[in-house]
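Below is one structure, written out as structure tokens, with a few remarks after it.
The values are calculated or read from the model by the stated rules, or taken from the named source; none is laboratory data. All of these numbers come straight from a predicted model, not from anything done at the bench. When we count neighbours, we look across all protein chains shown, and the Cβ atoms used for this are built from the backbone with ideal geometry, even at glycine.
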Amino acid sequence: MTKAELTIRTVNTPAVLVDLEIARRNIERFQAYADAQGLAVRPHIKTHKLPAVAEMQLKAGAIGITCQKISEAEAMIAGSPKITDVLLTYNIIGLEKLEHLKALARKVTLSVVADSEAVVEGLSGAFASEPAPLPVLVECNTGADRCGVPTPESAAALAQRIAKAPGLVFGGLMTYPPAGGAAAVQSFMSRTKAFIEAAGLTVPVITSGGTPSMMQAAEAPVTTEYRPGTYVYNDRSLVSRGVCGWEDCALTVLATVVSVPAANRAIIDAGSKALTSDLLGLSGYGHVLGRDDIAIDQLSEEHGRLVSKGPIHLNVGDRLRIVPNHACVVTNMVDTVNILERGEISAVWPVSARGCIV
């Protein structure tokens, strides 16, 4: 099938669709908010994993990108010469990863995070003989209880350890707070900044993130930078939080009805391999656009079960667009995404950073 023949009606399903106009609108909306608040934007690419979308974010005003893994950063840099500034928000452990990190630092402006002396020692050992020091930010736990030092005092102590380590330079503070955590970020980071400055160091960057609370980022004015990720596509979890509407969801999964075995039940060709089994506190596995009466109540690998309280009014061969619970996971499950412009498929893009887990 030629590109001209590839349409929403003919593309093989399940297929991931990305509406570029909606994505661009989402990007510009938050960039305008951040600009008005004096916040730098460093979007997380985990949601789209596409160099072309990162370029859209940079063109809108982002100062660089955020990645979790080294291989993600490598894929994004290889895909676009415009990506020149990367923050890795993950503890880098192991000799092989550190060798890759050194190679990455020679190509772009690179910074990383650490939340322990063990991580700092590994970074220092790798970069002590490098021509330029590596900026390292202290990751702080402001309530999400994942990674991060637990107190402002311990954050300040680790900042001083970084500043004294050969091959490293203290780069600032980083956190990934829970939704609604701006007050905790303000308190923790203000205290930490005061401790660090009292010790004679400056704090060049204080970076926070999270799409659910991005429009409240200004409630933590101590921050200088924000790292939204899912905002570029949005998903059902964000609609359920009131962050956006269905019309703001750029990524959908196109599925075909393959069976209607009962009046109130149908089966689609999108299961856990296409829609993700992530619930994120929700009931069901996605939202069928235009059919609020339908629930996707069950997934197996290749089947999705749709049910309704009354007649489901679907036929074998019908096509449905579904907003997944969690867009980021869906992106990582497919080799390509189908780009929509003006309601029709205009291109097929490879997901450059798919499967980058190291």
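For the stretch 9-24, how many residues are out of contact with any helix residue (DSSP H, G or I) (no Cβ under 7 Å at 6 or more places or on another chain) and in a loop (DSSP other than H, G, I, E, B)?
Going through the stretch 9-24, the residues out of contact with any helix residue (DSSP H, G or I) (no Cβ under 7 Å at 6 or more places or on another chain) turn out to be 9-13, 15, 17-21.
Retained after the next criterion (residues that are in a loop (DSSP other than H, G, I, E, B)): 9-13.
The qualifying residues number 5.
Just one of the listed residues (114, 103, 118) is at pLDDT 95 or above, closer than 23 Å to residue 150 by Cβ and exposed (fewer than 14 other Cβ atoms within 10 Å of the Cβ), and it is 118.
Within the stretch 171-184, residues that are at positive phi have Cβ atoms under 6 Å from residues that are of a type outside the set (Gly, Ala, Ser) and in a loop (DSSP other than H, G, I, E, B) in these pairs: 172/203; 172/204; 172/205, counting only partners at least 6 apart in sequence or on another chain. Summed over the stretch 343-356, residues that are farther than 21 Å from residue 286 by Cβ, part of a loop (DSSP other than H, G, I, E, B) and aliphatic (A, V, I, L, M) total 1. One residue alone among 40, 62 is without any contact (Cβ under 8 Å) to a residue 40 or more places away in the chain and in contact with a helix residue (DSSP H, G or I) (Cβ under 8 Å, 6 or more places away or on another chain), and that residue is 62. With the structure loaded, tell me whether residue 103 is assigned to a helix (DSSP H, G or I), farther than 22 Å from residue 172 by Cβ, hydrophobic (A, V, I, L, M, F, W, C) and touching a Ser or Thr at 6+ places or on another chain (Cβ under 9 Å) or whether it fails that test. Criteria not met by residue 103. With respect to the conditions (1) buried (at least 22 other Cβ atoms within 10 Å of the Cβ); (2) assigned to a strand (DSSP E or B), residue 162 lacks only one, and its number is (2). Let me confirm something: among 248, 269, which residue is acidic (Asp, Glu) and within 12 Å of residue 323 (Cα to Cα)? Result of the check over 248, 269: 248.
Residues are listed down the side, and each one gets a yes or a no for (1) more than 16 Å from the chain's Cα centre (by Cα); (2) crowded, with 21+ Cβ neighbours inside 10 Å; (3) outside the structural domain of residue 214 (by TED's automatic domain parsing):
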position	(1), (2), (3)
249	no, yes, yes
258	yes, no, yes
261	yes, no, yes
275	yes, yes, yes
278	no, no, yes
284	yes, no, yes
289	yes, no, yes
306	yes, yes, yes
347	yes, no, yes
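All of 340, 314, 320 fail the test of being farther than 25 Å from residue 23 by Cβ and either in a strand (DSSP E or B) or out of contact with any Ser or Thr (no Cβ under 8 Å at 6 or more places or on another chain) (or both), apart from 314. Residue count for the stretch 189-245, restricted to those that are assigned to a loop (DSSP other than H, G, I, E, B), polar (S, T, N, Q) and either surrounded by 16 or more Cβ atoms within 10 Å (Cβ to Cβ) or not assigned by TED's automatic domain parsing to the domain that holds residue 42 (or both): 5.
Inspect the stretch 324-331 for any residue being assigned to a helix (DSSP H, G or I), of a type in the set (Ser, Thr, Tyr) and surrounded by 18 or more Cβ atoms within 10 Å (Cβ to Cβ) and give the result as yes or no. Scanning the stretch 324-331 turns up at least one residue that is assigned to a helix (DSSP H, G or I), of a type in the set (Ser, Thr, Tyr) and surrounded by 18 or more Cβ atoms within 10 Å (Cβ to Cβ). Taking the criterion of being over 13 Å from residue 332 (Cβ atoms) and either in a loop (DSSP other than H, G, I, E, B) or not assigned by TED's automatic domain parsing to the domain that holds residue 87 (or both), the residues of the stretch 42-66 that qualify are 42, 43, 61, 62, 63, 64.
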